[in-house]
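This report concerns only the one structure given below.
The values are calculated or read from the model by the stated rules, or taken from the named source; none is laboratory data. Just so it is clear, the model here is predicted, and its values are computed rather than measured. Backbone-built Cβ (ideal geometry, glycine too); neighbour counts: all protein chains shown.
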2 protein chains.
Amino acid sequence: MSQAIYSLPRYAQIKTYIRNQIESGQWKVGERIPSENQLSVDFVVSRMTARRAVQELADENLLQRAPGLGTFVAEPQIATPVLEITDFTQQFSHSNPEYSNRILVLEESTAEKNIAAVLGLNQGDQLFHSVVVHYRDSAAVQWEECYVNPQIAAAYLKQNYSKVTPQAYLNWVAPATRVEHQVQAVMPNAEITGALGLQTISSCLKVSRRSWSGDKVVSISKLIHPGSYSLGAELII
Amino acid sequence: MSQAIYSLPRYAQIKTYIRNQIESGQWKVGERIPSENQLSVDFVVSRMTARRAVQELADENLLQRAPGLGTFVAEPQIATPVLEITDFTQQFSHSNPEYSNRILVLEESTAEKNIAAVLGLNQGDQLFHSVVVHYRDSAAVQWEECYVNPQIAAAYLKQNYSKVTPQAYLNWVAPATRVEHQVQAVMPNAEITGALGLQTISSCLKVSRRSWSGDKVVSISKLIHPGSYSLGAELII
DNA sequence: CAGTGGTCTAGACCACTGG
DNA sequence: CAGTGGTCTAGACCACTGG
């Protein structure tokens with residue numbers, strides 16, 4: 001705060017200050033922060049202005065207020081679980097000891113007409129293609145076929161996917177700003193049945209996934225789960 | 001507003017007034033509402049108090065503000081399309097000419113142990129049970145079995161479901177504040193296969209749905225879609 | 001120009017909490 | 001009791017919009 005940001009309203013400056021104190025760990029979860037009166041003294045503003053900063057952060061669930069007691073740093077939010085459907089890509093992580101995978105395909109290819117259109121490429125353009133089977137506790141839980149836009153993830157083929165999953169790598173080089181899913185029940189073909197190690201041809205959950213980073217499509221994937229696999233999605237309105 | 005609600009703060013009373021004006025259609029979408037100054041005169045409060053009411057409603061996206069211009073009734077929210085998965089209940093509407101349904105079951109029943117626990121009832125308590133098949137263009141697109149908490153929708157059995165769908169009725173008496181979905185691929189049993197008019201036993205999409213209104217569970221449903229049915233879900237991060 | 005919303009002040013009274 | 005957050009007032013100055 002040594003250098004004042006003239007363009008920012010004072011309540012916003014105080015918000016930034018409080019945010020920084022929390023993010024830097026100076027004010028820990030559950031700790032009491034200065035009162036409105038104290039902040040108004042510290043920042044030489046009226047109590048109403050200090051209050052506004054604190055109140056807006058409370059509205060954002062960063063702080064918790066209790067009349068008579070004070071204002072406290074709130075528990076970290078459980079990441080607004082609007083939709084756990086994303087989780088099935090995130091739960092596949094090498095930091096998870098039960099996780100493993102098998103790379104079936106990892107190649108450069110040329111874009112077929114339909115796929116080119118979706119990825120925003122021209123027919124015949126270079127693209128990357130991968131097929132990976134994901135296991136949890138040595139049981140196959142997902143067959144993943146993925147077409148990747150090489151303009152966005154140029155080094156996709158050169159990664160070591162025994163250390164990081166393809167989706168994790170993509171999310172790192174081009175964080176998804178939008179993801180679209182289509183869910184269907186399907187009967188898997190022989191190739192997929194074999195890859196998933198299914199004893200019989202039983203119904204599977206097919207998820208078609210398209211991810212964007214900004215206005216560019218990063219990848220399109222076809223994900224097949226054994227029918228017993230349950231996809232959770234929670235929506236809080 | 002003829003009878004003042006003494007326990008409610010004045011800014012909250014003004015919020016209620018504005019909300020009512022909008023919901024009753026007195027103030028239509030896009031119309032300008034009274035200025036802060038006008039409201040402070042009308043309600044005999046300071047401008048800061050009138051402002052608080054308007055500002056909080058703007059934060060809730062019910063109003064739109066523009067400096068120098070005024071405050072306007074905002075476009076109805078497109079229900080934050082975090083997840084179009086909800087749509088499959090909303091797209092079933094009698095205002096849709098291609099839509100029709102068939103009521104297979106609509107009865108009072110007693111709660112089996114598991115269902116009672118989920119609905120927050122005791123085993124043997126009264127509950128409502130319905131089974132409805134939904135058609136689009138005379139093709140069955142969903143088999144819906146629903147258990148309803150009678151404390152929340154006491155008149156559930158008495159509605160005319162050729163005019164309003166069960167879900168629409170529930171959403172009207174107890175707007176869902178939270179909905180949870182579980183998606184699985186399953187093979188339907190003979191009863192469902194018959195009800196959906198499937199020629200062969202083919203894989204179906206099963207959606208288990210639980211909805212809350214406040215802290216109470218309104219209903220739990222089992223929805224079965226033919227495998228060809230595609231469930232869309234779009235997630236904007 | 002008069003009117004709008006955005007920011008801000010320096011006070012006030014209240015119900016509530018802990019010691 | 002002194003301190004907290006919740007509500008509220010009667011002013012103020014500002015940048016901005018339209019006519």
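General observations
- Filter result for B:Val131 (modelled with pLDDT of 85 or more and under 13 Å from the mean Cα position of the chain (by Cα)): no
- Residue match in the range A:12-30 (condition: of a type outside the set (D, E, K, R), within 11 Å of DNA strand C (Cβ to nearest atom) and surrounded by 15 or more Cβ atoms within 10 Å (Cβ to Cβ)): yes
- Selection count where residues are surrounded by 14 or more Cβ atoms within 10 Å (Cβ to Cβ), away from every other protein chain (no Cβ under 14 Å), near DNA strand C (Cβ under 10 Å from one of its atoms) and farther than 20 Å from B:Glu75 by Cβ, scope the range B:35-59: 5
Yes/no per residue for (1) of a type in the set (Phe, Trp, Tyr); (2) out of contact with any strand residue (DSSP E or B) (no Cβ under 9 Å at 6 or more places or on another chain):
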{"position": "B:Ala117", "(1), (2)": "no, yes"}
{"position": "B:Gly124", "(1), (2)": "no, no"}
{"position": "B:Val133", "(1), (2)": "no, no"}
{"position": "B:Ala139", "(1), (2)": "no, no"}
{"position": "B:Trp143", "(1), (2)": "yes, no"}
{"position": "B:Ala153", "(1), (2)": "no, no"}
{"position": "B:Tyr156", "(1), (2)": "yes, no"}
{"position": "B:Tyr161", "(1), (2)": "yes, no"}
{"position": "B:Val164", "(1), (2)": "no, yes"}
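- Residue match in the range B:109-123 (condition: in a strand (DSSP E or B), in the same structural domain as B:Val164 (by TED's automatic domain parsing) and at pLDDT 80 or above): yes
- Search result, residues across the range B:11-48 that are on the phi > 0 side of the Ramachandran plot and either outside the structural domain of B:Gly68 (by TED's automatic domain parsing) or within 14 Å of DNA strand D (Cβ to nearest atom) (or both): B:Val44
- Scanning the range A:218-227 for residues that are facing chain B (nearest Cβ under 9 Å) and either of a type in the set (Asp, Glu) or assigned to a strand (DSSP E or B) (or both) gives A:His225, A:Pro226.
- Failed item, numbered, when A:Asp215 is tested on (1) among the charged types (D, E, K, R); (2) within 14 Å of chain B (Cβ to nearest Cβ); (3) under 30 Å from B:Ile224 (Cα atoms): (3)
- Taken together, A:Glu191, A:Glu145 contain a single residue that is in a helix (DSSP H, G or I), within 30 Å of B:Val186 (Cβ to Cβ) and either modelled with pLDDT under 85 or more than 14 Å from every other protein chain (Cβ to nearest Cβ) (or both), which is A:Glu191.
- Looking only at the range B:124-141, residues that are within 21 Å of B:Glu108 (Cβ to Cβ) and among the aromatic types (Phe, Trp, Tyr) come to 1 in all.
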